[in-house]
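Visitor: Pasting a structure below so you can have a look.
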Amino acid sequence: MGNWFLNPWALWIAGGVLPTLLILYFLKLRRKQETVPSTLLWKRAVQDLQVNAPFQKLRKNLLLLLQMLVLSAGVIALARPILKGTQTFDGRVVLMIDHSASMQTVEEDGRTRLAIAKEQALLQARRFNRTGSSWLQFAGVQPKTQLMVVSFAGDARVRQPFSTNINEIVAAIEDIQPVDGPSDLTEAMQMAEAYMSAPAMITKGMEDTPVSAAQPATLMMFTDGVIASAAESVSRAGRIVWYTIGAASDNVGITAFRTRRDYENPEILQAFVEVRNFGTQPVTTDLSIYLDGQLIDAKPIDLEPGMSEAAPPTNANGNDNAAPPATSAPAGADAGRSPEGSVVSLTFERPVLTAGHIEARLSRKDGFTLDNTAHAIIPAPRKLRVLLVTAKNWLLDQVLAGLPLEKVDTITPATYEAAPAGQLDQDGQSRYDVVILDKHATKRLPVGNYLCINTVPEGLKIETAGESDDYRLIWWDETHPVMRYVDLDFVAVQKGMKLATPPEAEKLSESNVGPAMVHIANDGRHYVIVGFAIENSDFPRKVAFPVFIYNAIRFLSSGGVAESDVRLRPGDALRVQLPAGSSAAELKLPGGRTATARADAAGVARFGGTERVGVYEALAGGKQIDRFAVNLEDPDESSIAPRAAPAFGGVDVQQGEMLKASTPEIWRWFAGIALVILLVEWWVYTRRATI
Amino acid sequence: MSSAPSNPRRVEESKQLLTPEFMSKLDALEILSRKIFTGTVKGERRSKRMGESVEFADYRNYVVGDDLRVIDWNIYARLERLLLKLFMAEEDLNVSVLFDVSKSMNWGKPNKGLFAKRVAAALAYIGLVRMDRVNLYGFNSRLVHEMTGIRGRRFTGQMIKFLEGIEFEGYSHFTEAARHFAIRHRGKGVVLVISDFFDKGGYADGVRYLLSRDCDIYAIQVLSPEEIEPKLSGDLKLLDVEDEDTAEVSVTGPLLARYKANLQAYCSELKEHCTRRGITYLFSATTVPFDVLVMSYLRQRGLVR
């Protein structure tokens, strides 16, 4: 019954209104008194009409009958009946709703895919047992279908564990808000299956016997299929019904945005933008670069079609109502591979003398707006200050002198240890961008960046096991920013330290006795450790040496990451180094909301709620201390063309049939019937009154 | 009396019960009885007994002891047989008029009570003129007004005064009134009952009491046009004028139809009840001019000639 109505609550109104009408009929009228010679015949006449029961009266009362019909028709119209056959699964159903970035695509009807998915999920949920309301259960109607609601994007969240209460389910579905991150199906599937398995009843001696789920659940997946990890997903569910939401594929988006200051001329800002066209039409648009809202540069872009119209990446059309048979494995195998689109890369170079918020903006409007802008935060131009702590090392002096640095201070280890606190650090932060510790192990390590040569600072988990005379460099990571263009091929090392590094350390280079060069981060400090003394090698004589120092200083000064690699994506954690005395950072989120992140013992606050793209501003005591830009930069999500269901390891995947909420509604018919009956009722009433 | 309207129809509108013109018409009438009763005194009515009227009835043989004066001497002269010439005796007739004086009779336009009084007055007048014994009884739950044993034209004024002085009050209880009448009334004769017969106690028992006196009974049911065609509508609380009983009705087409059907059935039932028991039943709406009723309807029914 309930499956036929979109507003079943209206039927409860009927339960109240119709008896009220009856009661009104039973209520005594305030009658006009009229004297007659005898009531004998009147009483007989009334008795004749009433005969015995009130139902006799009701049966003869055309007006009441008509009014009941009017009310019934009106109430049915309110209940929004739909012409839809019922199809219910018994057992358990998991409604999985994708709320990732691509689900924010606006479709032709002006609604986002998430809105459509939620509506479809609600329609499906309402098709199942509506008997969740407690007093029907009380009346002995047993609920049949248990529903669970899971939302997934980068991570999955159970919005509602298995329940038969339709109100809870509806509330859980309606509560789902979009996030700007990519989708990951794996975690969602794991979570759903964890709930799906029946409560294990393990008896003694039977611990190893797998207990199968009492009822295999049906997974209903409401997604556009834009899921990077879809191909790897495996399901143990009994059945998967895949509802492909959305149809739009036209999208041009920024898939990469990097900014950096020129090393030689820090006032020059270099911006690198990668724009892709995922649609089927060639696109001509332009890209504008804004600094704090002011346009500073713009370039036109011509993009080839990202994919040909003849071969769209999906074989399933979301709005196709003819339910196709279960998708076969080849169709599933295609899913999860996002088409690359056609790419245009642009580079901007503009002098920017201040710190600021750089925004790249595509002037073209499309259904998916998240990737039409990208943000970056740039620091004020500044040359680096480097402290060299060494007894005496003219090789390093020479190299540093040749680098475009603001200042290089050289002090001896003794002076370093004896220096007053204010000279080396301020508020726990090092005054120098990079400190080079040459053969000097120290405990005095203000928060900062350290290049340690032939020494391991205390407090790190790196163990040293003496020195080895037989020391050969055998491997180095050419992809790491520090080792870029550093050729260690013919570098001979006389002797070096045997290092044992923890797993979190990045090995930049390895020797025959262990790691030779390591990048490790600890408590807000970044270290690049070189396990041998440079003067014990011919490294300084190679071209690679100044390049290595250059890379290391540049890498360390950018906070331990390559400047061009600073990218925060939705879901990544923000790390805010708080000034001394602050215990919490206030965060201004994109969209005007605020949040608070508490600092740990080291004065670092972390915030994981980066669900939306945009600029996050960290404040401490009302003062801005840092800004972060979170961008989508995900070609997989930007390729918004809906994709078919993946294979899920051979589980029966069925293409779900979309329910229509608008067209099959027939409430107008009932409203019309109510009107007609109302007219008849009026006619009957007036006819009665004129007798 | 001289200023009284000559047209009987205009009498309807006045309170006057009888006009001289109408009375002169009534002078020619007499009340008939389908039964022949023995009267008590010599009257103007043929009796079962042979008597001293001028109307020849029969001959019979003389027996010793007969009055010699009634021997038909002419017969004796011709046939030499002694035969007695018998004449019809003329005696008086008991005419009793029972009329309903309960509150319900004081109703309607034209008024039922006035109508009843007029009919009673007219019949009483006829009776008086014909030297019958006229008894008038007004009843509601019992006999409340009575004027009995009047005879002769000279009582006309008294009779009209009596009728005019009667107020309508109380509730009707025909059975009790009839029982009362049966006890009180001695002698046989014509009994006229004028009422609406709307008695919640029923009329059957009352009719049985009347029948016990072996009288020639006439029942005249008088109803006002408001009762025959009610002009009511809407949701009403009907109040019975006699016993203040109430009936809540929503006057609808079907209810009105049902009322009329019930009225029809009630009247038919009364008529049948009367007819089966030898009672002449006459229905009259007050819209019927009462002179027409008396001069035409009652004649047709054989009450008057």
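Visitor: Is one or more of the residues making up the stretch B:127-138 closer than 25 Å to B:ASP205 by Cα, among the hydrophobic types (A, V, I, L, M, F, W, C) and under 17 Å from the mean Cα position of the chain (by Cα)?
Guide: So far as the stretch B:127-138 goes, yes, one or more of its residues are closer than 25 Å to B:ASP205 by Cα, among the hydrophobic types (A, V, I, L, M, F, W, C) and under 17 Å from the mean Cα position of the chain (by Cα).
Visitor: Is it the case, given these coordinates, that B:PRO289 is in contact (Cβ under 8 Å) with a residue 24 or more places away in the chain, more than 14 Å from every other protein chain (Cβ to nearest Cβ) and out of contact with any Phe, Trp or Tyr (no Cβ under 7 Å at 6 or more places or on another chain)?
Guide: In short, yes.
Visitor: If a residue counts only when it is under 15 Å from A:THR39 (Cα atoms) and within 12 Å of chain A (Cβ to nearest Cβ), which strands (runs of 3 or more DSSP E) contained entirely in the stretch B:169-267 have at least 2 such residues? It would help to see each step written out before you state the result.
Guide: Working: elements: B:190-195, B:216-223, B:234-240, B:246-251.
Counting at least 2 such residues, we get B:234-240, B:246-251.
Visitor: Applying the selection to the stretch A:178-197, what residues are part of a helix (DSSP H, G or I) and closer than 20 Å to A:LEU370 by Cβ?
Guide: A:LEU185
Visitor: Do we have A:LEU295 as buried (at least 17 other Cβ atoms within 10 Å of the Cβ) and not assigned by TED's automatic domain parsing to the domain that holds A:THR105 here?
Guide: No.
Visitor: If a residue must be crowded, with 21+ Cβ neighbours inside 10 Å and part of a strand (DSSP E or B), how many such residues does the stretch A:360-369 contain?
Guide: 2
Visitor: How do the helices (runs of 4 or more DSSP H) wholly within the stretch A:25-87 filter down when requiring 2 or more residues that are at pLDDT 80 or above and either at positive phi or within 14 Å of another protein chain (Cβ to nearest Cβ) (or both): which remain?
Guide: Hits in the stretch A:25-87: A:40-50.
Visitor: A further question on this structure: Only residues that are in a loop (DSSP other than H, G, I, E, B), buried (at least 16 other Cβ atoms within 10 Å of the Cβ) and touching an Asp or Glu at 6+ places or on another chain (Cβ under 7 Å): list them for the stretch A:384-414, please. Spell out how you get there, then give the answer.
Guide: Start the filter on the stretch A:384-414 by keeping residues that are in a loop (DSSP other than H, G, I, E, B), which leaves A:384, A:390-393, A:403-406, A:412.
If we keep only those that are buried (at least 16 other Cβ atoms within 10 Å of the Cβ) too, we end up with A:384, A:390, A:393, A:403, A:405.
Scanning the stretch A:384-414 gives A:LEU384, A:THR390, A:ASN393.
Visitor: Related question: May I ask you to list the residues in the stretch B:129-142 that are farther than 25 Å from B:LEU239 by Cα and either in a strand (DSSP E or B) or at pLDDT 90 or above (or both)?
Guide: If the condition is that a residue be farther than 25 Å from B:LEU239 by Cα and either in a strand (DSSP E or B) or at pLDDT 90 or above (or both), then B:ARG133, B:VAL134, B:ASN135, B:LEU136, B:TYR137 are the ones that fit.
Visitor: Another question about this same structure. Is one or more of the residues making up the stretch A:451-461 in contact (Cβ under 8 Å) with a residue 60 or more places away in the chain, among the small types (Gly, Ala, Ser) and surrounded by fewer than 17 Cβ atoms within 10 Å (Cβ to Cβ)?
Guide: Yes; the residues of the stretch A:451-461 include at least one that is in contact (Cβ under 8 Å) with a residue 60 or more places away in the chain, among the small types (Gly, Ala, Ser) and surrounded by fewer than 17 Cβ atoms within 10 Å (Cβ to Cβ).
Visitor: List the pairs whose first member sits in the stretch A:178-199 and is more than 11 Å from A:MET148 (Cβ to Cβ), whose second member is among the basic types (Lys, Arg) and at pLDDT 80 or above, and whose Cβ atoms are under 6 Å apart, counting only residues at least 6 apart or on separate chains?
Guide: So the pair list comes out as A:ASP180/A:ARG612.
Visitor: Go through (1) at pLDDT 85 or above; (2) in a loop (DSSP other than H, G, I, E, B); (3) in contact with a Leu (Cβ under 8 Å, 6 or more places away or on another chain) and name the single condition A:THR464 misses.
Guide: Unmet for A:THR464, out of (1) at pLDDT 85 or above; (2) in a loop (DSSP other than H, G, I, E, B); (3) in contact with a Leu (Cβ under 8 Å, 6 or more places away or on another chain): (2).
Visitor: Among B:LEU293, B:LEU238, which is the only one that is in contact with a helix residue (DSSP H, G or I) (Cβ under 8 Å, 6 or more places away or on another chain) and in the same structural domain as B:LEU114 (by TED's automatic domain parsing)?
Guide: Going through B:LEU293, B:LEU238 in turn, just one is in contact with a helix residue (DSSP H, G or I) (Cβ under 8 Å, 6 or more places away or on another chain) and in the same structural domain as B:LEU114 (by TED's automatic domain parsing): B:LEU293.
Visitor: With a cut-off of at least 3 residues that are out of contact with any Asp or Glu (no Cβ under 7 Å at 6 or more places or on another chain), name the strands (runs of 3 or more DSSP E) lying wholly within the stretch A:469-565.
Guide: So the answer is A:506-511, A:514-522, A:525-530.
Visitor: If the requirement is being over 27 Å from A:ALA271 (Cβ atoms), touching a residue at least 24 places away in the same chain (Cβ under 8 Å), touching a Lys or Arg at 6+ places or on another chain (Cβ under 7 Å) and small (Gly, Ala, Ser), which of these qualifies: A:ALA516, A:ALA465, A:ALA505, A:ALA500?
Guide: A:ALA465
Visitor: Any idea how many residues of the stretch A:572-622 are buried (at least 18 other Cβ atoms within 10 Å of the Cβ) and out of contact with any strand residue (DSSP E or B) (no Cβ under 8 Å at 6 or more places or on another chain)?
Guide: So the answer is 1.
Visitor: In addition: Only residues that are farther than 14 Å from A:SER100 by Cα and surrounded by 22 or more Cβ atoms within 10 Å (Cβ to Cβ): list them for the stretch A:642-655, please.
Guide: A:ARG643, A:ALA644, A:ALA645, A:PRO646, A:ALA647, A:PHE648, A:VAL653, A:GLN655
Visitor: Follow-up question, since we're still on this one. Could you list, in sequence order, all residues of the stretch A:155-177 that are part of a helix (DSSP H, G or I), without any contact (Cβ under 8 Å) to a residue 40 or more places away in the chain and of a type in the set (A, V, I, L, M)? Talk me through it step by step, then tell me what you get.
Guide: Filtering the stretch A:155-177 for residues part of a helix (DSSP H, G or I) gives A:166-174.
Those left that are additionally without any contact (Cβ under 8 Å) to a residue 40 or more places away in the chain: A:167-168, A:171-172.
Residues satisfying the conditions are A:ALA171, A:ALA172.
One line per residue, one yes/no per condition, for (1) surrounded by fewer than 23 Cβ atoms within 10 Å (Cβ to Cβ); (2) in contact (Cβ under 8 Å) with a residue 60 or more places away in the chain; (3) closer than 28 Å to B:ARG305 by Cβ; (4) not assigned by TED's automatic domain parsing to the domain that holds B:PRO20:
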{"site": "B:PHE115", "(1), (2), (3), (4)": "no, yes, yes, no"}
{"site": "B:VAL119", "(1), (2), (3), (4)": "no, yes, yes, no"}
{"site": "B:GLY127", "(1), (2), (3), (4)": "no, yes, yes, no"}
{"site": "B:ASN135", "(1), (2), (3), (4)": "no, no, yes, no"}
{"site": "B:PHE139", "(1), (2), (3), (4)": "no, no, yes, no"}
{"site": "B:GLY152", "(1), (2), (3), (4)": "yes, no, yes, no"}
{"site": "B:GLY157", "(1), (2), (3), (4)": "yes, no, yes, no"}
{"site": "B:GLU176", "(1), (2), (3), (4)": "yes, no, no, no"}
{"site": "B:ARG186", "(1), (2), (3), (4)": "yes, no, yes, no"}
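The values are calculated or read from the model by the stated rules, or taken from the named source; none is laboratory data. Every value quoted in this text rests on a predicted model; they were computed, and no experiment measured them. Cβ sites come from the backbone with ideal geometry, for glycine too, and all protein chains shown count toward neighbours.
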